[in-house]
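Structure, as structure tokens:
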Amino acid sequence: MGQPIKVLMLEDVVEDAELELYELRKAGFDFQAIQVQTENDFRHALHQFKPDVVISDFSLPGFGGMPALMITREDFPDLPFIFVSGTIGEERAIESFRRGVTDYVLKTNLVRLGPVVRRALQEAHERTTRRKAERALQENEEKFRAIIETTQEWIWETDQQGRCTFNSPYVQTILGYHPDEFIDTDRFSYLQTEDKATMQALVQTLNTEKRGWNNLVLRWCHKDGSYRSLESNAIPLLDSEGNVIGYRGTDHDVTERMRQEEKIARLSRINTVSSSINATIVRMRNRQELFNDACRIAIQQGEFKMAWIGLVDPISLKIKPAAWGGCGENFIDTIGVKPKHFPDDHGTAERACREKRPIVANSLETDLPIVHKESSSPKTYRSLIALPLEVGGKVVAVMMLYALPADFFDDQELKLLNNLAADISFALDHLEKEERLSYLSYYDALTGLPNRTLFCDRLNQLIHAAGLEKSKVALLVIDIERFRNINETLGRHAGDELLTLIARRLETLLPDGTGPARITSDCFAVAFPCATEESAIAHMVEEKVLGSFLQPLMIANVEVRTPAKFGIALFPNDGLDGDALIMNAEAALKKAKDFGDKYSFYTPQMHTRIAKRLTLENKLRRALEEKQFVLHYQPKVDLKTSRVTGLETLIRWQSPEYGLVSPDTFIPLLEETGLIVEVGRWVMEKAAADHRALLDKGLSPPRIAINVSALQLRQKGFVDEIAHAIEKVDGDDCDLDIEVTESLIMDDLEGSIEKLQEIRRMGVTVALDDFGTGFSSLGYLIRLPVDCLKIDRTFIVNMANHANSVAIVSAVISLAHSLNLKVVAEGVETLEQANLLELLKCDEIQGYFFSHPVPLPQIETMLKEVQINKALH
């Protein structure tokens, strides 16, 4: 009959109880049974023994069956409760059924007991199953309703004719219409005219193929008359015969994204033009080839409708076309403009040459007139820009670019094109001086940005000018965080693309600055004149620069965020020339990275700190060689039994000079220098050896947990190191655990999962440390091969005073238990915290309330005391 059932008997006559159990055995039951007589024993057995059925006499001395029934129904309404009595009157029987008794059997007819118990257990099982199903259905309905009402998407359904049959509330936020306004209307009638025709034709095809659509962007008419771009996904609804009877789908507002993508696409095209022309500059052997390629690139890659470059004749002062694209010979023949001597001449090309600055006409119908007669109407080209090309302070040529839409050239495009003109001017200068090959000595080939040499030269010029004006210069050195991870995950090509996009972003960030420049593989620099103090510069960095790096970039079809850290140095405070300023800004950057700050200013005290840090690093290397590290252990205690169930390994440095050093002082430096790998290997082997030593002394040590750093987990041989540590001390009895943080795992999710699975197969359990402080999602948590969650102490210390902390801890415990994970609370320091955690059904606690981290001899004493107490009891 499966597992034994548990029978709780309320009976004061032993012989009667034995007869009842005899009847159960005859009926084929396998059971465990306990007999009680008093109310206290009955209550205790209900909660501790957790019976499957209660068999009770109706009348007992001092405590009867009816009170027992009431107690049972109060806490366990579905638990089968059967009276077995010598006599029971009709009125009492009716009252018993009214109060919830399952059935009753007369002691004179015990042969009924087996069938009654079997029927009662079956009915209880059916009730439980039905209630679970009802509860699950209700929860699913509530979840679905909540999703529908809160999701920021338009969820909809249509019938076979395309009429709306359902709309979620969010449609009003997106398009301004109440959901009911769509009901029984043609959904596609709200589309922009072109998209409506496209969609109607597409649906006819999809109906035939019985499939839906994905990521389809359509333009919809808002109630206020404007348009919104929505990204649509849908599946067909089929009847029992497989015919399409409608569609169900979701639409997401991507209007702003489409605008940004269009903007980014334009800037990207200009960046592509700039990069390609820079590549051309390196490759070209003469000026004509440069001009030809510049016009070709502007048309093909920049998607400008027309481009031409004209040379300014130093004798006639006319602008003579030298290269063109997107237009014919007849048009070029009509061009003949003079940069001066014509007071009534105000065309864009002439003004650009005369004023030595770019001239923009963003609406050819109303902006500056152009003096040459175009072969096409203004409707064809609505925007143009004239870019003067200078060599030695003189305008030697002008580049004209034409765009189809009006208002094409804004500040960002202007800055990029200005840089483009500057690059072409630079190339012309070098071509004229036959020094073009030196270009590669001053520019980064990947991004087209100045390199460290050229940037330092420009920085010195900026410093010189600031010195004359007695003003300041601010230098930012920018480090891209986790760049190596992108290279390793997405490939070097993606890393190169990321650097190029960041370079373009930096070019638009500080238009008045010098730079940006790429001064190392993943480090950029920008300098700009300023007359402000550090606080104002810090505000500018936070508001303008940091915010820019929070915006995601699309790399290899993956959305990538690139947080950055900044080192800041000021002239004249922190250096009097470019080299000194860059060196000190890099020192400030290192400080920001060491302390986890977003940015840091340089201070002279950094030299002293760096020297001390170097000294400490040397002493740590000596400590590893001379075995100055020791292990302390902090117990983990089971809240139900108060038994020590585990030990966490905590490393200390027993320095001859400083004494016992806290890990907060040296662990970050071990990780930075890579020494943490070797030290971590020693910790594993030492912890395993200590465990074996306790076993050899006849003690019963609990499992020992070891904290693992990110560098250790990334090592290819990390799994083998754990296996070696276990085998070194005869691993059959070596109970080792490891603790990792969720942020550590997320650095390389798939690789971490594979390694942790191998480790668990060795019998090593895995705990997720500092849970609640990282960024991993619940979706990933389900996949992680872990056995335990450790709640970070920051939530525990606030439990007594903050209800939110209690709610968070309770939620984490419930989540962990639902995933069959054990929960350990860290940092428990008070009895009140321990009691709260016990009420919340936390499994284990760890903290000063029970014990500080202590050396192995004290752990040995603690274990001996436990064994003595067991022996005494």
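The values are calculated or read from the model by the stated rules, or taken from the named source; none is laboratory data. All values derive from a computational prediction rather than experimental measurement. Don't worry about glycine lacking a Cβ; one is built from the backbone with ideal geometry, like all the others, and counts go over all protein chains shown. Calculation scope for accessible area: heavy atoms of the full protein, side chains included, ligands and nucleic acids excluded. Shrake-Rupley method; radii C 1.70, N 1.55, O 1.52, S 1.80 Å.
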Odd one out for Gly86 among (1) surrounded by 15 or more Cβ atoms within 10 Å (Cβ to Cβ); (2) farther than 30 Å from Glu231 by Cα; (3) in contact (Cβ under 8 Å) with a residue 12 or more places away in the chain: (1)
Residue match in the stretch 289-307 (condition: within 30 Å of Trp213 (Cβ to Cβ) and either of a type in the set (S, T, N, Q) or touching a Cys at 6+ places or on another chain (Cβ under 9 Å) (or both)): no
Set Ile245, Ile264, Ile270, Ile277: member being touching a residue at least 60 places away in the same chain (Cβ under 8 Å) and open to solvent by 60 Å² or more (accessible area, probe 1.4 Å): Ile245
Boolean, Ser709 is surrounded by fewer than 16 Cβ atoms within 10 Å (Cβ to Cβ), out of contact with any strand residue (DSSP E or B) (no Cβ under 8 Å at 6 or more places or on another chain) and of a type outside the set (Phe, Trp, Tyr): no
Residue within the stretch 220-228 that is open to solvent by less than 20 Å² (accessible area, probe 1.4 Å) and among the polar types (S, T, N, Q) present: no
Matching residues in the stretch 282-296 - criterion: being open to solvent by less than 60 Å² (accessible area, probe 1.4 Å), within 23 Å of Ala503 (Cα to Cα) and either outside any helix (DSSP H, G or I) or modelled with pLDDT under 70 (or both): Val282
Test: residue in the stretch 54-71 that is open to solvent by 40 Å² or more (accessible area, probe 1.4 Å), under 22 Å from Gly114 (Cα atoms) and either among the charged types (D, E, K, R) or in contact with a Cys (Cβ under 7 Å, 6 or more places away or on another chain) (or both): no
Subset of the stretch 479-504 [buried (at least 19 other Cβ atoms within 10 Å of the Cβ) and over 22 Å from the mean Cα position of the chain (by Cα)]: Thr500, Ala503, Arg504
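What number of residues within the stretch 39-77 are of a type in the set (Val, Ile, Thr) and farther than 22 Å from Ile5 by Cβ?
Looking only at that region, the number is 0.
Would you confirm, using the coordinates I've provided, whether Lys470 is open to solvent by 70 Å² or more (accessible area, probe 1.4 Å), over 30 Å from Gly751 (Cβ atoms) and modelled with pLDDT of 80 or more?
Values: open to solvent by 70 Å² or more (accessible area, probe 1.4 Å): yes; over 30 Å from Gly751 (Cβ atoms): yes; modelled with pLDDT of 80 or more: yes.
Judged against the criteria, Lys470 is a match.
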Checking Ile299 against (1) open to solvent by less than 30 Å² (accessible area, probe 1.4 Å); (2) part of a helix (DSSP H, G or I); (3) modelled with pLDDT of 60 or more, the condition it does not meet: (1)
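Could you list, in sequence order, the residues of the stretch 102-113 that are of a type outside the set (A, V, I, L, M, F, W, C) and buried (at least 18 other Cβ atoms within 10 Å of the Cβ)?
As a first pass, look at the stretch 102-113 and keep what is of a type outside the set (A, V, I, L, M, F, W, C): 102-104, 107-109, 112.
Within the stretch 102-113, Thr102, Asp103, Tyr104 meet the criteria.
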Qualifying residue in the stretch 31-40 (condition: open to solvent by less than 40 Å² (accessible area, probe 1.4 Å), more than 25 Å from Arg127 (Cα to Cα), aliphatic (A, V, I, L, M) and modelled with pLDDT under 90): no
Residue in the stretch 428-450 that is more than 30 Å from Arg561 (Cα to Cα), open to solvent by 70 Å² or more (accessible area, probe 1.4 Å), in contact with a Pro (Cβ under 9 Å, 6 or more places away or on another chain) and not in a loop (DSSP other than H, G, I, E, B) present: no
Qualifying positions in the stretch 212-242 - hydroxyl-bearing (Ser, Thr, Tyr) and touching a residue at least 12 places away in the same chain (Cβ under 8 Å): Tyr227, Ser229, Ser232
Output for the stretch 357-409, where each listed residue is at pLDDT 85 or above, among the charged types (D, E, K, R) and assigned to a loop (DSSP other than H, G, I, E, B): Arg357
For Phe188: the one exception among (1) open to solvent by 100 Å² or more (accessible area, probe 1.4 Å); (2) touching a helix residue (DSSP H, G or I) at 6+ places or on another chain (Cβ under 9 Å): (1)
From Ser776, Ser752, residue being surrounded by 15 or more Cβ atoms within 10 Å (Cβ to Cβ), among the polar types (S, T, N, Q) and either at pLDDT 75 or above or touching a strand residue (DSSP E or B) at 6+ places or on another chain (Cβ under 6 Å) (or both): Ser752
Selected residue [closer than 25 Å to Pro179 by Cα and basic (Lys, Arg)] from Arg287, Arg257: Arg257
Residue check for Leu781: in contact with an Asp or Glu (Cβ under 9 Å, 6 or more places away or on another chain) and touching a residue at least 60 places away in the same chain (Cβ under 8 Å): no
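Only residues that are open to solvent by less than 90 Å² (accessible area, probe 1.4 Å) and at negative phi: list them for the stretch 837-849, please. Lay out the reasoning, then the answer.
Pass one, the stretch 837-849, residues open to solvent by less than 90 Å² (accessible area, probe 1.4 Å): 837, 840, 842-847, 849.
Once the filter is applied, which keeps residues that are open to solvent by less than 90 Å² (accessible area, probe 1.4 Å) and at negative phi, the stretch 837-849 yields Leu837, Leu840, Cys842, Asp843, Glu844, Ile845, Gln846, Phe849.
Quick test for you: out of Val866, Val824, Val806, pick the one residue that is open to solvent by less than 80 Å² (accessible area, probe 1.4 Å) and farther than 19 Å from Arg703 by Cβ. Quick ask: steps written out before the conclusion?
On the way: Val866 fails: farther than 19 Å from Arg703 by Cβ; Val824 fails: farther than 19 Å from Arg703 by Cβ.
Result: Val806 is the single residue among Val866, Val824, Val806 that is open to solvent by less than 80 Å² (accessible area, probe 1.4 Å) and farther than 19 Å from Arg703 by Cβ.
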Among (1) within 30 Å of Thr151 (Cβ to Cβ); (2) at pLDDT 75 or above, the one test that Glu261 misses: (2)
